[in-house]
1. Under the rule of -39500 (n - 2.57) per DSSP H run of 4 or more residues, summed and divided by the residues of the chain, what mean residue ellipticity at 222 nm is obtained, to the nearest 500 deg cm²/dmol?
2. When S157, S274 are ordered from fewest to most other Cβ atoms inside 10 Å of their Cβ, what list results?
3. List the GluC sites (Glu not before Pro) within region 202-305 that fall in a DSSP loop (any state other than H, G, I, E or B) and whose Cβ has at most 15 other Cβ atoms within 10 Å.
4. Charges only on Cβ, +1 for Lys and Arg, -1 for Asp and Glu: so what's the dipole of the chain about the Cα centre, in debye to the nearest 20?
5. Counting alpha carbon pairs within less than 8 Å and at least 6 residues apart, what relative contact order, in whole percent, applies to the chain?
6. Could you work out how much longer the chain between A245 and N228 gets when fully extended? Use 0.36 nm per residue separation minus the Cα distance between them, nm to one decimal.
7. Where a Cα-Cα gap under 27 Å defines reach, which lysines qualify for K233, not counting those fewer than 8 residues away within the same chain?
8. Points 7 angstrom from Cα along the Cβ direction at S194 and S157: gap in nanometres?
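Nothing in this text is a laboratory measurement; each read-out follows from the coordinates by a stated rule. Remember, predicted model here, so these are calculated numbers, not experimental data. Cβ: placed from backbone, ideal geometry, glycine included. Neighbour counts: every protein chain shown.
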Amino acid sequence: MEPDQALQFTPSEQKIFDSMSALLAKAGLDYQGHFVEVNGQRIHYLDYGDGPPVLLLHGGGAGSAIWFKQIAELSKTHRVIAPDHPVFGLSAQEAYESPFVGSLVRYLTVFMDKMELDRADLAGLSMGAEGALVMAIESPERVNRLLVIDSAGLGKSFPMIFRLGTIPLIGPLIVRPNRWGQDNYFKTMEVVRSDFDSAVEYKQYAYDITLPPEHAAAMRSSLKVITNMGGQKVIFTDDELRSIAAETLIIWGARDKVFPVEHGFRLGGLVPDSRLHVVEDSAHVPLLDNAVLVNELVVGFFGND
């Protein structure tokens with residue numbers, strides 16, 4: 001399927017579309033996506049299957065197609081919607097505003113309204129998991145079940161490379177298209193095994209997302225909202241996490257160097273109806289190098305409603 005016919009892609013957007021389609025194809029998926037306006041911004045999203053809705057929220061390193069293997073399984077029994085968040089993928093290159101969680105909840109609330117979703121199961125990775133948590137805290141009536149994978153917002157820890165990205169003279173050198181840097185981050189931070197099937201397609205997709213001319217500036221501005229040299233700016237309080245009523249599954253990579261597993265234990269110890277599964281042979285993105293296990297956990301959790 002082609003993207004919305006009225007849209008004319010720029011050369012960099014065409015590269016994103018091509019690498020996204022190649023990654024989706026590795027899970028046997030043809031491209032099924034659309035665009036919608038959210039708070040005046042163009043948002044691209046993938047949309048597969050029929051049934052109870054599941055919203056998949058990617059992290060800050062790639063885009064919606066990172067969920068390719070989960071989409072392939074969940075779409076057999078559910079409607080699976082995965083947006084490209086602002087600044088990522090084929091969505092608008094417009095920076096987040098302060099406070100960061102306020103930007104996230106405004107975007108996600110209106111996106112769900114546009115999708116005509118009164119309630120949905122929410123699953124998020126990293127920054128996307130932070131968005132899912134803030135929705136469960138501030139708009140619990142919109143959230144059925146909650147899947148949290150290696151979430152942001154649970155402690156000050158944050159990779160130094162991103163903290164340096166907020167420094168005026170250094171930031172522009174860090175937050176720019178850099179294939180070597182992207183590959184190094186992938187191998188040292190995102191996964192334990194960097195030679196898994198579809199790793200080549202994933203790395204191309206993650207790199208292509210950095211190519212739009214406006215992306216670097218939007219990323220730098222967004223990083224200033226998210227972090228400073230002291231680490232993450234916004235951390236959920238104990239009371240906020242205790243207030244989460246949704247049934248919650250937490251998945252965390254034991255070898256995560258982005259957000260250490262202690263953050264997962266904190267979350268699991270505070271959210272009342274939660275269980276934590278630590279993936280021993282995994283780093284920050286368990287759904288890449290431990291896709292079979294993650295799919296078993298995800299399908300088991302969301303079930304066949």
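1. Rounded to the nearest 500, the figure is -11000 deg cm²/dmol.
2. S157, S274
3. Here the GluC sites (Glu not before Pro) that fit, given the DSSP loop and packing criteria, are E214, E280.
4. Value, rounded to 20: 940 debye.
5. 19 percent
6. Result for the pair: 3.0 nm of gain on full extension.
7. K156, K187, K224, K257
8. Reported label-point gap for S194 and S157 is 2.1 nm.
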